[in-house]
Amino acid sequence: MANVKLSTKAVGSIVKIKVNGAAKDFIIVHQGLPSSAYDASCNGVWVVMKDIYTTMKWDGSNNDYLNSDMTAYLNGTFISLIDADIRNAIKQVKIPYTNYSNNNVMSGSNGLSCKVFLLSGTEVGFSGVSYMNTEGAKLSYFDSASKRVAYNGSSAAGWWLRSPYTYYSGHVWSVKSDGSDDVWHCNGTYGVRPAFVLPSTLVVSDDGTVSTNTAPAINASSTNLGKQNAPFSFAYTVTDADGDTLTVTEKLDGKTTATRTGIASGTALTFGQGSTAENFQRILNGSHTIQITANDGKESTSLSATFTKSVTSATVTLTTPLAVDGDITVAVLQVTGSIPDDATFKVEVTNNANDPSPVWQDATVEVKKGVNIVFTNSEATNGAAFNFRVSVSRGASGTGGYIEAISGAFQ
């Protein structure tokens, strides 16, 4: 199942959050901070329940939103019904609201501190309405009356706003079933559509479910590995605070070199491409970048490290000598590749490679000339066995080279 950041979801998208054990649809109505009228705490993903959750009175006596029954319900009873992980992630915000004592709008850092709230008339797109204060700014989603229509069961129904009707202290603005504005007694019964602001870092699955997640972490003692002229161990550890198993991908210069699955949190690993002689030989001289990525199925974390391969000499030999019956008296050897004129180049051969102390014979001249090598040694305690040793190192010019192939025969 794919997961994306909540911040990438378009305004108008439906996401699912569990309330009282059941998944409820919420509409993303805004991304980010609606305007400068809002405190920075309001910067996030604004969601409102798609349909009416319950019906109740706004307050029993007046339209003081700060001290209303509605505010107490939303930040007491209702929020306790939200699935714990999401409940704990809901942002504590300061929203614009009307001060009951003087009908002035309190905004910015003076806004009402809460987690769950009703939307204001301004936020749902009403403007220029008599006795309705401008509380905040229009949220992106509400560009038409149809966007304000909500359902209670199968029927469109009215729902409360947090905006007081400033002409009478006992009345509150609401949205009618057709999406138009309406005024209602605060002690009347109307629909409730809870709203809140979520961190943009939450993740959303394919089915719209919102969940919390801690991204994996990758730790290494150093990411500047300097010059490397031999196989090296770049050790790192992957962890996941949620205990998720991880998929770890290793790349060298953007090309995947290894993928490890089912890695447990806390596992120590070593970058494979540089750790063995066989793999290290495949890396060209020069600057290189290692990238390690850990994915927990929801989010990925990457770590980069750099090194410079600087190999100026090499020795090539057979791991296992070639043993034969009888004697080995002559051989021919060819070394192909690109070896600069000023490089130090040496070829040695032996015909008793299995003896405790093989006799190595310098055959550099013969190899350069392409002529037969005649062995001077005739002793072979452990039987005749052929091996070669080709050594090359960079000269004063600094020009690099390579050995492409070594071929030959013996008898």
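The values are calculated or read from the model by the stated rules, or taken from the named source; none is laboratory data. All values reported here derive from a predicted model rather than from experimental measurement. With ideal geometry, Cβ positions are generated from the backbone for all residues, glycine too; neighbour counts draw on all protein chains shown. Note: accessible area is taken over every heavy atom of the protein model, side chains too, but ligands, DNA and RNA are not part of it. Shrake-Rupley method; radii C 1.70, N 1.55, O 1.52, S 1.80 Å.
Scanning the range 287-308 for any residue that is assigned to a loop (DSSP other than H, G, I, E, B), under 30 Å from Ile406 (Cβ atoms) and over 18 Å from the mean Cα position of the chain (by Cα) turns up nothing. In the condition set (1) at pLDDT 95 or above; (2) farther than 30 Å from Asn62 by Cβ; (3) in contact with a helix residue (DSSP H, G or I) (Cβ under 9 Å, 6 or more places away or on another chain), Pro194 is compliant with all but (2). Phe26 falls short on exactly one of the conditions (1) in contact with a Phe, Trp or Tyr (Cβ under 7 Å, 6 or more places away or on another chain); (2) open to solvent by less than 20 Å² (accessible area, probe 1.4 Å), and that condition is (1). Only one of the numbered conditions (1) polar (S, T, N, Q); (2) surrounded by 17 or more Cβ atoms within 10 Å (Cβ to Cβ); (3) closer than 18 Å to Lys309 by Cα is not met by Thr239, and that is (3). For the range 214-229, enumerate the residues that are open to solvent by 30 Å² or more (accessible area, probe 1.4 Å) and either touching a helix residue (DSSP H, G or I) at 6+ places or on another chain (Cβ under 6 Å) or outside any strand (DSSP E or B) (or both). Thr214, Ala215, Ala220, Ser221, Ser222, Thr223, Asn229, listed by residue number. Tell me whether the range 238-246 contains one or more residues that are of a type outside the set (D, E, K, R), over 19 Å from the mean Cα position of the chain (by Cα), more than 30 Å from Gly60 (Cα to Cα) and outside any loop (DSSP other than H, G, I, E, B). For the range 238-246, residues of a type outside the set (D, E, K, R), over 19 Å from the mean Cα position of the chain (by Cα), more than 30 Å from Gly60 (Cα to Cα) and outside any loop (DSSP other than H, G, I, E, B): absent. Phe126 falls short on exactly one of the conditions (1) within 23 Å of Ala157 (Cα to Cα); (2) part of a strand (DSSP E or B), and that condition is (2). Residues in the range 60-91 that are among the β-branched types (Val, Ile, Thr) and out of contact with any strand residue (DSSP E or B) (no Cβ under 7 Å at 6 or more places or on another chain) were compared, and the one that is surrounded by the most Cβ atoms within 10 Å (Cβ to Cβ) is Ile79. The residues in the range 333-346 that are surrounded by fewer than 17 Cβ atoms within 10 Å (Cβ to Cβ) and part of a strand (DSSP E or B) can be counted, and the count is 6. Given the condition open to solvent by less than 60 Å² (accessible area, probe 1.4 Å) and on the phi > 0 side of the Ramachandran plot, answer yes or no: does some residue in the range 354-362 qualify? No: the range 354-362 contains no residue that is open to solvent by less than 60 Å² (accessible area, probe 1.4 Å) and on the phi > 0 side of the Ramachandran plot. Being open to solvent by 10 Å² or more (accessible area, probe 1.4 Å), out of contact with any His (no Cβ under 8 Å at 6 or more places or on another chain) and at positive phi: is that true of Gly108 here? Taking the combined requirement at face value, the residue satisfies it. Here Val390, Val349 are screened, and the one residue that is buried (at least 16 other Cβ atoms within 10 Å of the Cβ), part of a strand (DSSP E or B) and either under 51 Å from the mean Cα position of the chain (by Cα) or among the hydroxyl-bearing types (Ser, Thr, Tyr) (or both) is Val390. Are any residues in the range 309-332 open to solvent by less than 80 Å² (accessible area, probe 1.4 Å), outside any loop (DSSP other than H, G, I, E, B), over 30 Å from Asn224 (Cβ atoms) and among the hydrophobic types (A, V, I, L, M, F, W, C), and if so, which ones? Across the range 309-332, the qualifying residues are Val316, Ala323, Val330, Ala331, Val332. For Lys309, the criteria (1) in contact with a His (Cβ under 7 Å, 6 or more places away or on another chain); (2) under 30 Å from Ser265 (Cβ atoms) hold in every case but one, which is (2). Scanning the range 186-213 for residues that are farther than 13 Å from Gly158 by Cα and either β-branched (Val, Ile, Thr) or assigned to a strand (DSSP E or B) (or both) returns Ala195, Phe196, Val197, Leu198, Thr201, Val203, Val204, Ser205, Thr209, Val210, Ser211, Thr212. The number of residues in the range 65-84 that are of a type in the set (Asp, Glu) and in contact (Cβ under 8 Å) with a residue 60 or more places away in the chain comes to 1. Being surrounded by 14 or more Cβ atoms within 10 Å (Cβ to Cβ), of a type in the set (Phe, Trp, Tyr), touching a His at 6+ places or on another chain (Cβ under 7 Å) and under 25 Å from Ile403 (Cβ atoms) is a condition met by no residue of the range 369-384.
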